[in-house]
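*Asks:* What follows is a single structure, and I will ask about it in a moment.
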Ligand code: BJW
């Protein structure tokens, strides 16, 4: 979306839309200082691939390593603030709600920054890194404390289980309720946005098919091309923290 007229067209698309669905990914939090999922490894972790740690098999093989990685990422997320992209989406939701519409965020992010920015309709497709779950009972606990959860990992629960982050790993199914809510939102949407996601992970990346099947306009907002860029009606090659505030400002 290079030219001024294309930019104006997109503003009109958003202005006219009543029910917007925005799929978000790690790129939306990049400007908050949280590395994207596929860039997430540095220092001690540089010898691992994130895909190798984000699996039930990795947790089974080395629960200490996986728990430590997630606790470090939990602390990093808590130490970051929402950025102008998160706030713009929350503002867009307020605008659309005031007009009787909606903005539903389907987020693959586990950092809860959309909620902290004030977005109300946020569906966490891949869970939350702030919430941890007992492997034995399924009980969950929120951990907003800004100190490590343990000195020694893995973290044992009182009933003989282990605490693991309440996130969705590769090979695990997404929470049924989140998927059902996402499907419902997609069935009602009249504009689909995919923001800051590489578009390689299913089932989230498949939501574009809803838009294609129903001739609903769709926009990808990502500084980089993705494997599914061509499926979108329009593409914006800008950072979300720059583009979204400008878009929302243009609506006012
Ligand atoms: C910016 C920016 C800026 C940078 N502004 N943008 C073969 C074919 C099809 C499917 C499968 C298959 N084999 C296996 C599967 C299924 C599998 C899958 O999709 N695998 C693919 C890798 C092929 N999916 C699953 O297993 C899912 N479950 C499932 O399908 O259940 C049924 C089933 C079970 C068993 C077998 C088959 C089916 C579960 C997926 C769970 C994903 N979980 C993770 C980890 C969560 C916890 C954690 O954070 O550690 O979720 S993986 C990881 O990827 C994380 C992310 O949410 C997710 C998506 O990544 P995202 O957000 O797109 O981040 P990046 O880093 O990839 O991209 C960032 C983007 O931002 C880039 O494009 C940048 O350009 C951009 N960017 N700065 C805007 N400022």
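*Asks:* Put a dot 7 Å past each Cα toward the Cβ at residue 64 and residue 142; how far apart are the dots in nm?
*Replies:* Label-label distance for residue 142 and residue 64, simple model: 3.2 nm.
*Asks:* Test of understanding: ordering 13, 23 by Cβ neighbours within 10 Å, fewest first, what list do you get?
*Replies:* Placing the least packed residue first, the sequence is 13, 23.
*Asks:* Relative contact order for segment 1-76 using alpha-carbon pairs under 8 Å, separation at least 6, rounded to a whole percent?
*Replies:* 13 percent
*Asks:* Show me the three semi-axes of the equivalent ellipsoid for segment 143-201, from the C-alpha gyration tensor (sqrt of 5 times each eigenvalue), largest first, rounded to whole Å.
*Replies:* Gyration-tensor ellipsoid for segment 143-201: 34, 15, 12 Å.
*Asks:* Compute the helix-to-body angle for 4-16: its Cα long axis versus the longest principal axis of the chain, expressed 0 to 90° and rounded to tens.
*Replies:* 80 degrees
*Asks:* Follow-up question, since we're still on this one. What is the mean projected area of the alpha carbon convex hull for segment 66-145, to one decimal in square nanometres?
*Replies:* Projected area, direction-averaged: 6.1 nm².
*Asks:* Using the scaling law 2.2 N^0.38 Å as the reference, what is the normalised Cα Rg of segment 20-84?
*Replies:* Ratio of Cα Rg to 2.2 N^0.38 Å: 1.23.
*Asks:* Something else about it: Where does segment 166-252 land on Rg(C-alpha)/(2.2 N^0.38 Å)?
*Replies:* Numbers: Rg = 14.0 Å, N = 87, 2.2 N^0.38 = 12.0 Å.
Ratio of Rg to 2.2 N^0.38 Å for segment 166-252: 1.17.
*Asks:* Something else about it: Nearest 10 degrees, 0 to 90: what angle lies between the long axis of helix 176-188 and the longest principal axis of the chain (Cα atoms)?
*Replies:* Once rounded, the angle reads 0 degrees.
*Asks:* What percent do you get for the relative contact order of the chain when only Cα pairs under 8 Å and 6+ apart count?
*Replies:* Relative contact order comes out at 25 percent.
*Asks:* In nm, give the distance between the simple-model label positions of residue 212 and residue 225, each being 7 Å from the Cα along the Cα-to-Cβ direction.
*Replies:* Distance between the two pseudo-spin positions: 1.7 nm.
*Asks:* As a test of the formula, what do you get for the chain when each DSSP H run with n ≥ 4 contributes -39,500 (n - 2.57) and the sum is divided by the residue count, at 222 nm and rounded to the nearest 500 deg cm²/dmol?
*Replies:* Calculated from helices alone, the mean residue ellipticity at 222 nm is -11000 deg cm²/dmol.
*Asks:* For the chain, find the longest principal axis of its Cα atoms and tell me its angle to the long axis of helix 84-98, 0 to 90°, nearest 10.
*Replies:* Computed tilt is about 60 degrees.
*Asks:* Note the per residue figure in Å³ for the convex hull of the C-alpha positions in the chain.
*Replies:* Per-residue hull volume (Cα only) is 127 Å³.
*Asks:* Packing-wise, with mean Cβ within 10 Å as the measure, how do 77-85, 94-102 rank, highest first?
*Replies:* 77-85, 94-102
*Asks:* May I ask you to work out the translational diffusion coefficient for segment 1-112 at 4 °C, viscosity 1.567 mPa s, via Stokes-Einstein with Rh from the Kirkwood sum over Cα pairs, reported in whole µm²/s?
*Replies:* Values: Rh = 16.6 Å.
The estimated diffusion coefficient comes to 78 µm²/s.
No lab work stands behind these numbers, since they all come straight from the coordinates. All figures in this text were calculated on a predicted structure; none of them were measured in a lab. Please note: Cβ atoms are built from the backbone with ideal geometry, for glycine as well, and neighbour counts cover all protein chains shown.
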